[in-house]
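Contents: one structure, followed by commentary.
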Amino acid sequence: MATLKVRLRSTAAFSPSPSPKSWPRISDSLSKISVTARFPNAAVLSPPKLRLRASPGKKTRASVSATMATGGQEVLPPALTSTSDPPPIFDGNTRLYISYQCPYAQRAWIARNCKGLEEKIQLVPIDLQDRPAWYKEKVYPANKVPSLEHNNEVKGESLDLIRYIDSHFEGPSLFPDDQAKKEFAEELLSYTDTFNKSVFSSIKEDEIKAAGASFDYIETALSKFEDGPFFLGKFSLVDIAYVPFLERFQPLLLDVKKYDITAGRPKLAAWIEEMDKNAAYKQTRRDPKELVESYKRRFLAQK
């Protein structure tokens, strides 16, 4: 019988509260729990933590350890920079090229995790501020993320990729069979760019009304089906398409506009709570303070 002391360190996420002043929101607070456990012949899984890897003469990026959808742990590799060597491209392996900061890449990353493909689709993170030349020259001429290297081809565009990952790989289906839900899914997916542009524009132009109308649209959409809290009732590609942006808009608008996107929108508040329970998504989520500061530099500095 062995005795083990474990200190868990976890990031709190969407925190529901009955008070209108503190609707579910992204929190950057950390909780610590110390546990003393006694058990025979048991394996212990380390909690998520930050790990560093160094290569002599090359820039180093932090790699992050995250819990996989399968229950194991995935150590996320450091982002590749202009001094990094390329992976062995077109060697038969499937690779998903992403940026840890990019919401479009996050869509494909979430889809990969939801399908349980952590061991079949390798993550190759790219530092977009110092991207390697070989990425454009040898992998994806558009020089954007995400892109997917599969069957000796490279495909791009996030909405196309989440559909491709869902239809070409094993794992639970992320698109409905019901015709009414299919049609509504197409409507919502086609609205994503309009939604994102409207909110970003309202932030840059100090005009919150346009953003409010966009969030009202989301609230109405979440009210259409009663068989679950998600856009199509059950979790689907539509939720994957929207969550990276709502993850960013919520803390950003609260910080710079003092605007709570869930106030008066109970369906959206419930959706956020349910997304917090999705382990595949939680692996991809970024520190809200980091997101806010990044977007403030990007958008507010341009005014």
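The values are calculated or read from the model by the stated rules, or taken from the named source; none is laboratory data. Quantities reported herein were computed from a predicted structural model and do not represent experimental measurements. Ideal geometry is used to build each Cβ from the backbone, glycine not excepted, and the neighbour counts take in all protein chains shown. The protein model used for the area step is the full one, side chains on, heavy atoms only, and it has no ligands, DNA or RNA in it. Shrake-Rupley method; radii C 1.70, N 1.55, O 1.52, S 1.80 Å.
Of the residues that sit in region 244-303 and are in a helix (DSSP H, G or I) and hydroxyl-bearing (Ser, Thr, Tyr), which one is surrounded by the fewest Cβ atoms within 10 Å (Cβ to Cβ)? Show your work before the answer.
To start, the set of residues in region 244-303 that are in a helix (DSSP H, G or I) comprises 244-256, 266-276, 279-282, 288-302.
With the extra rule that they be hydroxyl-bearing (Ser, Thr, Tyr), the set shrinks to 281, 294-295.
Working: Tyr281: 23, Ser294: 15, Tyr295: 18.
So, considering only residues that are in a helix (DSSP H, G or I) and hydroxyl-bearing (Ser, Thr, Tyr), the one surrounded by the fewest Cβ atoms within 10 Å (Cβ to Cβ) is Ser294.
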If we keep just the residues of region 199-219 that are in contact with a Lys or Arg (Cβ under 8 Å, 6 or more places away or on another chain) and within 30 Å of Lys115 (Cα to Cα), which is surrounded by the fewest Cβ atoms within 10 Å (Cβ to Cβ)? Glu219
Within the set of pairs 6+ apart or on separate chains, which have a first residue in region 117-135 that is closer than 27 Å to Phe169 by Cβ and open to solvent by less than 10 Å² (accessible area, probe 1.4 Å), a second that is of a type in the set (Gly, Ala, Ser) and at pLDDT 95 or above, and C-beta atoms under 8 Å apart? Leu117/Gly171; Pro125/Ala79; Pro125/Ser99; Ile126/Ala79; Ile126/Ser99; Pro132/Ser82; Pro132/Ser84
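Quick check on region 180-198. Is at least one of its residues part of a loop (DSSP other than H, G, I, E, B) and either at pLDDT 95 or above or open to solvent by 30 Å² or more (accessible area, probe 1.4 Å) (or both)?
Start the filter on region 180-198 by keeping residues that are part of a loop (DSSP other than H, G, I, E, B), which leaves none.
No: region 180-198 contains no residue that is part of a loop (DSSP other than H, G, I, E, B) and either at pLDDT 95 or above or open to solvent by 30 Å² or more (accessible area, probe 1.4 Å) (or both).
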Residues that are among the hydrophobic types (A, V, I, L, M, F, W, C), open to solvent by less than 40 Å² (accessible area, probe 1.4 Å), at pLDDT 95 or above and not assigned by the TED database to the domain that holds Ile162: does region 59-68 have at least one? no
Right, Asp216: among the charged types (D, E, K, R) and in contact (Cβ under 8 Å) with a residue 12 or more places away in the chain or not? yes
Restricted to region 136-161 and to residues being among the basic types (Lys, Arg) and closer than 16 Å to Asn93 by Cβ, the residue surrounded by the fewest Cβ atoms within 10 Å (Cβ to Cβ) is Lys138
Every listed condition ((1) part of a loop (DSSP other than H, G, I, E, B); (2) farther than 30 Å from Glu226 by Cα; (3) polar (S, T, N, Q)) holds for Gln122 save (1)
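Only residues that are in contact with a helix residue (DSSP H, G or I) (Cβ under 9 Å, 6 or more places away or on another chain) and either assigned to a loop (DSSP other than H, G, I, E, B) or not assigned by the TED database to the domain that holds Arg112 (or both): list them for region 140-150, please.
Step one: list which residues in region 140-150 are in contact with a helix residue (DSSP H, G or I) (Cβ under 9 Å, 6 or more places away or on another chain), which gives 142-150.
Within region 140-150, Ala142, Asn143, Lys144, Val145, Pro146 qualify.
May I ask you to say which residue of Glu157, Glu137, Glu186 is closer than 30 Å to Ala213 by Cβ, acidic (Asp, Glu) and either outside the structural domain of Tyr242 (by the TED database) or within 19 Å of the chain's Cα centre (by Cα) (or both)? Steps first, answer last, please.
Working: Glu137 fails: closer than 30 Å to Ala213 by Cβ; Glu186 fails: either outside the structural domain of Tyr242 (by the TED database) or within 19 Å of the chain's Cα centre (by Cα) (or both).
Of Glu157, Glu137, Glu186, the one residue that is closer than 30 Å to Ala213 by Cβ, acidic (Asp, Glu) and either outside the structural domain of Tyr242 (by the TED database) or within 19 Å of the chain's Cα centre (by Cα) (or both) is Glu157.
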